[in-house]
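The values are calculated or read from the model by the stated rules, or taken from the named source; none is laboratory data. Everything numeric here is computed off the predicted structure, so don't read it as measured data. Glycine also receives a Cβ, built like all others from the backbone with ideal geometry; neighbour counts cover every protein chain displayed.
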Amino acid sequence: MDFPSDPSPVWHPFTQHGSEPPPIRAVGTEGAYILAEGGRRILDLAASWWVVTHGHRHPAIVAAIKAAVDTMDQVIFAGFTHPYAEELARGLVRRAPPGLTRVFFSDSGSTAVEVALKMALGHFRHLGARRTRIVVLEHAYHGDTIGTMSVGARSVFNAPYEPLLFDVVRIPFPNGDGAATLAALEAACAGGDVAALLVEPLVLGAGGMLMYAPEVLAAMAAVARRHGALVLLDEIMTGWGRTGTLFACEQAGLAPDILCTSKGLTGGVVPLAATLATEAIFASHYSDDRARTFFHSSSFTANPVACAAALANLKLWDEEPVAARVAALCAMQEQRLARFRGDPRFVNVRRCGTIAALDLAGSAGYLAGVGPQLKAFFLERDLLIRPLGNIIYLMPPYCVTGDELDRAYAAIDAAADVVGRG
Ligand SMILES: *Cc1c(COP(=O)(O)O)cnc(C)c1O
């Protein structure tokens with residue numbers, strides 16, 4: 001496929017068309033690389049916005065998509081079902097933390113979180129309980145729809161929409177042992193009107209790759225439950241091995257009431273999302289009263305082709321040494337990150353599973369000029385690294401090699417000496 005002549009009518013996401021360079025023209029993808037015009041091979045260290053797990057165009061996933069589309073395209077999912085969704089739902093229940101017995105399909109991370117919030121509120125409404133408040137973490141990110149912006153951090157990203165965003169209770173990001181967070185959660189729950197605690201387990205992604213301990217996650221969940229609130233986990237970024245385990249909550253020994261997954265669910269090849277819920281939440285909606293129906297749908301709910309891709313992903317986790325590959329990547333990241341611990345040019349050098357992050361010292365803020373400068377510096381070296389302001393992180397596909405990571409870390413080292421100085 002060729003590129004038509006300019007000007008382009010495309011309006012790109014998170015892109016200031018008034019100041020940013022024109023987009024790079026991708027012509028293909030392969031393993032850890034985005035192939036671009038002119039024969040460029042750009043190492044995808046952002047996993048194409050955190051979705052690609054095994055690598056681009058994994059042959060097993062591509063084959064599954066081709067086979068599915070020869071059989072079935074979109075089929076209305078109310079009043080109908082199909083083997084791709086049935087088998088996938090069973091596969092997800094089998095791999096998810098215990099107690100999550102019901103699977104609701106949608107098509108993006110934001111939608112999966114919207115569904116989770118609606119399930120939680122519907123649950124208490126149908127039980128006749130007055131629980132409508134949602135507790136979230138400072139710096140949270142759960143998506144870009146009005147509902148998910150409401151439960152996320154307020155910032156320059158959503159300032160224009162602020163008048164429409166609903167109120168939630170925000171508790172501090174858990175540093176160290178999380179004492180302040182737990183105290184704030186305890187206080188928030190004391191009124192007895194909290195429906196749910198919603199958090200990203202172990203890593204707050206868009207909030208700045210902020211990491212916290214599994215013990216604190218477990219303790220937060222315990223407080224919420226002691227007060228009768230549900231525990232909702234947004235595993236959209238953390239799922240599918242990103243934090244070292246299939247789901248991050250496994251590290252906390254935590255089985256939530258609702259779990260949202262998307263991004264790596266299909267290996268990052270095509271869009272799909274699922275919201276998993278406990279039997280109790282399904283049961284509160286189960287009735288001969290039609291008013292208790294869970295009224296949510298997206299046109300492309302449980303798209304068979306996307307479900308086939310996700311099934312192929314699950315099969316890869318079963319049949320290939322994916323867990324071992326993830327463990328090896330964790331170790332490779334740690335080895336290379338180590339030399340930056342104690343380097344005065346960086347602060348907050350950290351890692352959770354396959355995700356490594358470090359902040360360039362002395363230039364904070366997403367809108368600080370340093371972010372675009374860093375991004376340009378890396379792109380000149382054919383490395384896709386998209387800093388969040390001064391926060392540099394590497395979230396590679398699991399097929400990345402040690403040599404490729406060496407190139408990335410050498411570039412980070414070099415960037416620190418030239419970007420943002422004077
Ligand atoms: C990406 C992301 C979302 C939103 O997913 P979309 O598919 O972009 O709507 C929600 N929560 C977290 C933690 C994410 O990283």
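A few notes on this one:
- Restricting attention to region 169-204, the residues that are under 28 Å from Asn390 (Cβ atoms) and buried (at least 17 other Cβ atoms within 10 Å of the Cβ) add up to 14.
- Take the conditions (1) in contact (Cβ under 8 Å) with a residue 12 or more places away in the chain; (2) over 25 Å from the mean Cα position of the chain (by Cα); Pro83 misses just one of them, which is (1).
- Among the candidates Gly207, Gly147, residue that is within 13 Å of the ligand (Cβ to nearest atom), surrounded by fewer than 23 Cβ atoms within 10 Å (Cβ to Cβ) and in contact (Cβ under 8 Å) with a residue 60 or more places away in the chain: Gly207
- Near pairs, Cβ below 7 angstrom, 6+ apart or cross-chain, from region 96-125 (more than 23 Å from Ala308 (Cα to Cα)) to any residue that is away from the ligand (no atom under 16 Å from the Cβ) and part of a helix (DSSP H, G or I): Met119/Ile281; Gly122/His285; His123/Ile281; His123/Ser284
- Residue count for region 391-406 under the criterion of being over 20 Å from the mean Cα position of the chain (by Cα) and crowded, with 17+ Cβ neighbours inside 10 Å: the result is 2.
- Any hit, region 87-99, residues being closer than 30 Å to Leu217 by Cα, surrounded by 15 or more Cβ atoms within 10 Å (Cβ to Cβ), within 16 Å of the ligand (Cβ to nearest atom) and at pLDDT 95 or above: no
- Scanning region 253-302 for residues that are free of Cβ contacts under 8 Å to residues at least 60 places away in the same chain and closer than 16 Å to Leu88 by Cβ yields a total of 1.
- Leu127 vs. criteria hydrophobic (A, V, I, L, M, F, W, C), out of contact with any Lys or Arg (no Cβ under 6 Å at 6 or more places or on another chain) and under 27 Å from Ile355 (Cβ atoms): no
- All conditions in (1) touching a residue at least 60 places away in the same chain (Cβ under 8 Å); (2) crowded, with 20+ Cβ neighbours inside 10 Å; (3) away from the ligand (no atom under 11 Å from the Cβ); (4) among the aliphatic types (A, V, I, L, M) hold for Met237, with the sole exception of (3).
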